[in-house]
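S.K.: After the structure tokens below, expect a handful of questions from me.
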Amino acid sequence: MMRKTIVLFVATLLTANVLRAQDADTAVSPLQHGFALGIGTGASAPIPIPNRISEMSWTPRLCVLVGYDLRYQFGPKTGLKTGLQVKYVGMSAEAKVYQMFTQAIVDESEVSGYFTGYNETVLHATYLSLPLQFSFSPNSNWRFDAGLFAALKIQGHFSGAVKNGYIRITDPTGEKVEVGYEPFDFSEFIAPFNYGIEITATRSFGSRWAAWFDLSWALNSTFKEAFRGLEYKMYNIYGLFGVDYRL
Amino acid sequence: MNRLLLVVAIAVLGLAMASCSKEKPANMEADILTFMIAEDGHLMEVASSDNVINYYLSQYHGLDNLTAVVTLSENATITPDPASVHDFSQPVTFTVLSQDRQWNRTYTVNVINTALVHNGDFENWQGTGSGNNFYETPVGWTSANSGVRIIHGMGVPSLEFPTVKTDMAYSGNYAVSLNTRQGGQTSLVPRLIAGSIFLGTMSNVTLQTLANPLLLTKFGIPYTETSSRPDSLIGYLRYTPGPTYTDRDGNVIPGATDSCSFYAILFEGTEPLDGTNSSSSERIIAIAKYNYETPISSTSYTRIALPFVYHKEMPQNVTLQYSIIASSSAKGDLFQGAAGSQLLLDKVEIKLKQSEK
């Protein structure tokens, strides 16, 4: 998985260089660039949500994007888009879980097993993200971009607690240990790379300003493969909207 | 444009919330929660750590035609049917299957007519678990080995069980060997784990009680010899204190030597006593306790005879219970003692005296 991510990353960088090279050779520049600023929200969630989660409450966290866009137009309707974005994403969630495999580290003791009770988590991370999208503009006002993104984690925090329940040690027939409130911090298990699908809809207002909505959906888990604290893979799914200013 | 934003935003949230209405999954648990011999009527709670159920009858009853009543984990099933007649003169094995049919637990049930003291010579043993979680317990007795199994599950798989079978017996083939083990370094895994054996049950564990084992041990089985009263506790002991005595923080206390504990209590009431009140409760009628006056040899067995000291008269027409408790470190419940201390115990009995009425 990680190798694939790196390949994608490098490929995208190369593409960007090619675009620059072409820019220098072209009389009427098909190359456009600008800055993007956006806010939004989303979640890191297992898809589909397992039936071992019976209740879930989710608290949005303000997500922020600051980016630089680079666009190469093949013709009036099609093009390629890349750039570099700093994305801060996050969420808080509380879930009621039923016999869900989990792991908690309490005073350096690892407790793993099947937990029934409540689980609260806070997750936030900052990524340096590189999108590579194909553009389609049905008319001069609208443009739709679809493609992939590859992101590098700059910072990440994932903590929470299991509470008001019990854990069956190791497996569902193991000793039943009641849990009042046991916090955990799994920040170190946030995966350093994240990649996925990114689609963007942009509405132009004049030659410089545009408004956009962007949805990114990760295809690899937010957490490292080695992370056993959750039975399920969690995927970053975030929607942001904002403005572009073309230079 | 606004409408588009709204639609996409709802789509994102909808994804996250989509499957919350799924049906509750099938239960994975396969426990016997309570056990009762119908003909006896004394309901016994079964701790999640128990794979052996020692059911002491509260009055004498033939063992070959008894029926049992159990409560199980939600939607679990049990075979054979406890409600049909079983011959409990031998241990009876029940298997509980979880609702999802992926997990099962096997329980061995010993129904015991209280004799003073059942299997006091530690000749009959039963094993539970597998791999490094396998341990044996003398029939009718309880050890804290199940707590060690939890510690194995917490990443200390090499910790040896403190209570084990030994063939270094005073008489017969076996005796019980209680050993103080070096525990862990974290607050959940006690630094020192003393070997113990007692008459009673273990309670369900909380993360707090794991670090405070005084609350884990529930002492007491029915005392049914109501026409007599306990006169003395007798046992054969061999004791070797460990080399280095440490306090609960692991600091070495120079010059201190570990000692064992061996005592019996007779008390009133239906509730058990635990490690916090087993020698102080107002419900205690009499105690027979080893007080270190007779030195115990480390190379051969020493006979210890301890008189029951009565704090009050034997009450009439109340439920009476008794327990015998032994540990390889007398202050092991406070995490004080010496790793390596070993108590061998054999041929435990209680001598009775006719009550003067």
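S.K.: Taking amide hydrogens as modeled 1.01 Å from N in the peptide plane, which residues meet the under 5 Å criterion relative to B:GLU29, leaving out close sequence neighbours?
M.R.: Sorted by chain and number, the residues that satisfy this are B:GLN99.
S.K.: Ranked by Cβ crowding within 10 angstrom, fewest neighbours first, how are B:THR224, B:THR77, A:THR202 ordered?
M.R.: Values: B:THR224 18, B:THR77 15, A:THR202 21.
Lowest to highest Cβ neighbour count: B:THR77, B:THR224, A:THR202.
S.K.: For the range A:161-247, run through the GluC sites (Glu not before Pro) and keep only the ones in DSSP coil with at most 11 other Cβ atoms within 10 Å of their Cβ. Walk me through the numbers on the way to the answer.
M.R.: Numbers: sites: A:GLU175, A:GLU178, A:GLU188, A:GLU198, A:GLU225, A:GLU231; in loops: A:GLU175, A:GLU225, A:GLU231.
When the GluC sites (Glu not before Pro) of the range A:161-247 are filtered for loop state and at most 11 Cβ neighbours within 10 Å, nothing remains.
S.K.: Let me ask something additional. Sort B:SER278, B:SER329 so that the residue with the fewest other Cβ atoms within 10 Å of its own Cβ comes first and the one with the most comes last.
M.R.: On the way: B:SER278 24, B:SER329 30.
Ordered by Cβ neighbours within 10 Å, fewest first: B:SER278, B:SER329.
S.K.: Let me ask you something else. Return the calculated 222 nm mean residue ellipticity for the protein assembly as shown, to the nearest 500 deg cm²/dmol, obtained by summing -39500 (n - 2.57) across DSSP H runs with n ≥ 4 and dividing by the residue count. The partial results should precede the final answer.
M.R.: Numbers: 4 runs with 53 residues, N = 604.
Per the formula, -3000 deg cm²/dmol.
S.K.: With angles folded into 0 to 90 degrees, how steeply does helix B:2-17 sit against the dominant principal axis of chain B? Use alpha carbons for both and round to 10.
M.R.: 30
S.K.: Follow-up. What net charge is computed for the residues neighbouring A:PRO46, neighbours being all others with C-beta under 12 Å from the C-beta of A:PRO46, Lys and Arg scored +1, Asp and Glu -1?
M.R.: Numbers: positive: A:ARG52, A:LYS233; negative: A:GLU231.
So the surrounding residues net to +1.
S.K.: With the contact rule set at Cα under 8 Å and sequence spacing of 6 or more, what percent relative contact order holds for chain A?
M.R.: On the way: 664 pairs, mean separation 51.1, N = 247.
RCO, chain A: 21 percent.
S.K.: Considering amide H positions built from the backbone, and no H for Pro or chain starts, which residues 5 or more places from B:SER329, or on another chain, come under 5 Å of its amide H?
M.R.: Those lying under 5 Å, H to H, from B:SER329 are B:GLY195, B:SER261.
S.K.: Run the dipole for chain A about the Cα centre, Lys and Arg Cβ at +1, Asp and Glu Cβ at -1, nothing else charged, and hand back the magnitude in debye, nearest 20. Intermediate values should be presented prior to the final figure.
M.R.: Details: 21 positive and 21 negative charges, 210 e Å.
Charge dipole, chain A, about its Cα centre: 1000 debye, nearest 20.
S.K.: If we count every other residue with Cβ under 12 angstrom of B:THR108's Cβ, Lys/Arg +1 and Asp/Glu -1, where does the sum land? Display every interim value, and only then the final one.
M.R.: Values: positive: B:ARG105; negative: B:ASP50, B:GLU136.
Residues close to B:THR108 contribute a combined charge of -1.
S.K.: Students often get this wrong: which residues of the range B:296-320 have the backbone nitrogen under 15 Å from the point 7 angstrom along Cα-to-C-beta of B:GLU349?
M.R.: Under cut-off, by backbone N: B:303-306.
S.K.: With θ set to phi - 60° and the Karplus curve 6.51 cos²θ - 1.76 cosθ + 1.60, what are the ³J(HN,Hα) couplings of the range B:271-283 in order, to the nearest whole Hz, using x for Gly and Pro?
M.R.: 7, x, 9, 10, x, 7, 10, 6, 10, 10, 4, 5, 7
S.K.: Which entries in A:LYS176/B:LYS331; B:LYS165/B:LYS351; A:LYS87/A:LYS224 show an alpha-carbon gap greater than 21 Å? Intermediate values should be presented prior to the final figure.
M.R.: Working: A:LYS176/B:LYS331 27 Å; B:LYS165/B:LYS351 25 Å; A:LYS87/A:LYS224 19 Å.
Those over the limit are A:LYS176/B:LYS331; B:LYS165/B:LYS351.
S.K.: How many percent of Cα pairs in the protein assembly as shown exceed 34 Å? Walk me through the intermediate numbers first.
M.R.: Values: 100807 of 182106 pairs.
The share of Cα pairs beyond 34 Å in the protein assembly as shown comes to 55 percent.
S.K.: Counting DSSP beta bridges with both partners in the range B:25-112, what percentage is antiparallel, nearest 5?
M.R.: Numbers: 17 of 22 bridges.
About 75 percent, rounded to the nearest 5.
S.K.: Given H placed on each backbone N at 1.01 Å, which residues far from B:LEU273 in sequence or on other chains put an amide H within less than 5 Å of it?
M.R.: Under 5 Å from the amide H of B:LEU273 lie the amide H atoms of B:PHE219, each far enough along the sequence or on another chain.
S.K.: Still on this structure: Pick out, from A:GLY38, B:LEU199, B:LEU237, the residue whose Cα sits farthest towards the positive end of the charge dipole of the protein assembly as shown, with +1 on the Cβ of Lys and Arg and -1 on the Cβ of Asp and Glu.
M.R.: A:GLY38
S.K.: Shifting gears a bit: Sequence gap at least 6, Cα distance under 8 Å: using those rules, report the relative contact order of chain B to the nearest whole percent. Each step should come with its number before you reach the end.
M.R.: Details: 832 pairs, mean separation 60.6, N = 357.
Answer for chain B is 17 percent.
S.K.: Let me ask something else about it. Say a site is exposed when it is one of the chymotrypsin sites (Phe, Trp or Tyr not before Pro), sits in a DSSP loop, and has at most 13 other Cβ atoms within 10 Å; what is then the longest site-free stretch of chain B? Before the final figure, lay out the partial values.
M.R.: Details: sites that count: B:TYR60, B:PHE134, B:TYR292.
In chain B, the maximal stretch lacking such sites is B:135-291.
S.K.: Let me ask something else. Using only Cα atoms, find the angle between the long axis of helix A:2-25 and the longest principal axis of chain A, and express it within 0 to 90 degrees, rounded to the nearest 10.
M.R.: It is inclined by approximately 20 degrees.
S.K.: Write down the Å³ per residue value for the convex hull defined by the alpha carbon atoms of the range A:80-170.
M.R.: On the way: hull volume 13.8 nm³, N = 91.
In the range A:80-170, the Cα convex hull volume per residue is 151 Å³.
S.K.: Using the count of nearby Cβ atoms within 10 Å as a rough guide to exposure, how do A:LEU152, A:LEU215 rank from fewest to most?
M.R.: On the way: A:LEU152 14, A:LEU215 21.
Neighbour counts put them in this order, fewest first: A:LEU152, A:LEU215.
S.K.: Another question about this same structure. Looking only at B:LYS165, B:LYS347, B:LYS312, which one moves most when chain B is put into a Gaussian network model with springs between Cα atoms under 10 Å?
M.R.: Taking springs between Cα atoms under 10 Å, the residue moving most is B:LYS312.
S.K.: Let me ask another. Once you place label points 7 Å from the Cα toward the Cβ at B:THR294 and B:ASN65, how far apart are they in nm?
M.R.: A separation of 4.5 nm, rounded to one decimal place.
S.K.: Consider a paramagnetic label point 7 Å from the Cα of B:ASP87 along Cα→Cβ; state which residues of the range B:40-67 have an amide N under 12 Å from it.
M.R.: In the range B:40-67, the label zone of B:ASP87 (backbone N under 12 Å from the point 7 Å along Cα→Cβ) covers B:63-66.
No value in this document is a laboratory result; all are computed from the given coordinates. The structure displayed is predicted, hence computed values, not measured ones. Ideal geometry is used to build each Cβ from the backbone, glycine not excepted, and the neighbour counts take in all protein chains shown.
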